[in-house]
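Report on the following structure.
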Amino acid sequence: MFDVVVLGGGAAGLMCAMRAGQRGRKVLLLDHAEKVGKKILISGGGRCNFTNLDARPEAFLSANPHFCKSALARYTQHDFIELVNKHRIAWHEKTLGQLFCDGSARQIVAMLLDECAAVGVDVRVAHKVTRVEKSDRFTVATDHGDFSAASVVLATGGLSIPKMGATGFAHEVARHFKLRVTETRPALVPLTLPVPEISGVALDVEARCGRARFREALLFTHRGLSGPAILQVSSYWKPGQEIVVDLLPDLDAASFLKERKRTRPKAELRTILAEIMPQRLAQSLAPEGIMANQRDRDLDALTHRLKLWTFVPNGTEGYAKAEVTLGGIDTDGLSSKTMEAQKVPGLYAIGEAVDVTGWLGGYNFQWAWSSGWVAGEAV
Ligand code: FDA
């Protein structure tokens, strides 16, 4: 008999189990994978971008943008940094407030497992949860038998990267208990569109989708575009919508090109462009010809194409390549303070399973820690 069964040993589930255990609750953590924290292990190129110094509600997408405020305020990035420091895990800020382990993401998983072990959390892997029912208590059915508990926490994540064991299980259980699930879409995902054959070329851009704008790197791929700037706007993108990219965000390109036409009239336009962008991109964008032969209005037209490159992607690379799932268990049915389902006392939902999605850069783990912590305080 357990007080709490946490379903899913990812970032959110481990944090929740740890906190509930610290409060003296008898906690069982179940995961169908052969080990916990698999996404933590592969995150941040193996170094885990575990939080962001700038984590704030505006960096999260949700049908209710206010929902995340309470949890983020009660367990902040600084609280998580304190935990990391307590375990003497060395870290550094890479860029834009993004914090990474100096060593390995394995340290973060080991930290959470140590904390869980210290308070007697019973962690069982290779346990696939198949069903959750409620009478006076909850019954959690697994391929290793049934477990009973007063509280159940849905922490089985979203739909991204099915190859790594992602399932829609949390959404199914939510629906079973008559909680609404908002429409889900792949987010932080590469976009597909016809692009020049210059895969691997990267440059700093400003990418825009509607009112969202991000100043980061863009990467050309075989199938379209990726890189942080594109991943960020992908979370805001809906099929049919335009994306606008400024390929030269730091430059008054029109003045630059006209100045070069005066000072280097015999230079090839492509050579001049390669001064301000990767050579392979310059080759693919500019026609052949020397500067002296470019009419001012052609240079203006080229500038327009470079500063306001506008396109409609034909799709995304889908859940197979998406870092996160946009949408999920509707926050309307949950308490923002405890993550408990208002209509199903004892049932909680945390992490990526919920309709709260962060920007790229450690925000999604911070949501997992914050939502996991507040649920762990309440279960
Ligand atoms: P998560 O998916 O981590 O955990 C869910 C757990 O439930 C899994 O362990 C799964 O095995 C288990 N499960 C699923 N169905 C089950 C069932 N039926 N029965 C039992 N167990 C079940 N974010 C960030 O902030 N910084 C970063 O650096 C990165 N990097 C990154 C890289 C890549 C490649 C991806 C795919 C994602 C990231 N992310 C990220 C996003 C981040 O990984 C994600 O937001 C969190 O892992 C979400 O944590 P959860 O605990 O909610 O789900």
request  = Before anything else, pin down the relative contact order of the stretch 40-178: Cα pairs under 8 Å, at least 6 apart, normalised by residue count, whole percent.
outcome  = 18
request  = Quick one: compute the contact order of the stretch 1-97, relative version, from alpha carbon pairs under 8 angstrom and 6+ residues apart, as a percent.
outcome  = 21
Footprinting exposure proxy for 312, 356, 152, 132 (fewest neighbouring C-beta atoms within 10 Å first) = 312, 132, 152, 356
message = Straight-line reach only, C-alpha to C-alpha below 16 angstrom: list the aspartates and glutamates that residue 258 could link to, leaving out same-chain residues fewer than 8 apart.
response = 268, 275, 296, 298, 300
message = As an exercise, find the ratio Rg/Rh for the stretch 190-317 from alpha-carbon atoms, using the Kirkwood inverse-distance average for Rh.
response = 1.00
query = Hey, can you rank 97-110, 257-270 by average C-beta count inside 10 Å, highest first?
reply = 97-110, 257-270
task = Report, in deg cm²/dmol and to the nearest 500, the calculated mean residue ellipticity at 222 nm for the chain, where each DSSP H run with n ≥ 4 adds -39500 (n - 2.57) and the sum is divided by the residue count.
result = -8500 deg cm²/dmol
ask   = Are any of the pairs 26/178; 86/343; 128/238; 134/238 more than 32 Å apart by Cα-Cα distance, and if so, which?
value = 86/343; 128/238; 134/238
inquiry  = With the alpha-carbon atoms as the only input, what is the per residue convex hull volume for the stretch 62-103 in Å³?
reply    = 88
key: the stretch 5-88 - Rg (one decimal) and Dmax (whole number), Cα, Å   = 14.3, 38
message = If packing is taken as the average count of other Cβ atoms within 10 Å, what order do 184-191, 168-175 fall into, highest mean first?
response = 184-191, 168-175
ask   = Computed over the Cα atoms, what is the radius of gyration of the chain divided by 2.2 N^0.38 Å, N being its residue count?
value = 1.14
Relative contact order (percent, whole number), the chain, Cα cutoff 8 Å, 6+ residue spacing = 26
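Read-outs: derived from the displayed coordinates by stated rules, not from any lab. None of these values were measured; they are calculated from a predicted model. Please note: Cβ atoms are built from the backbone with ideal geometry, for glycine as well, and neighbour counts cover all protein chains shown.
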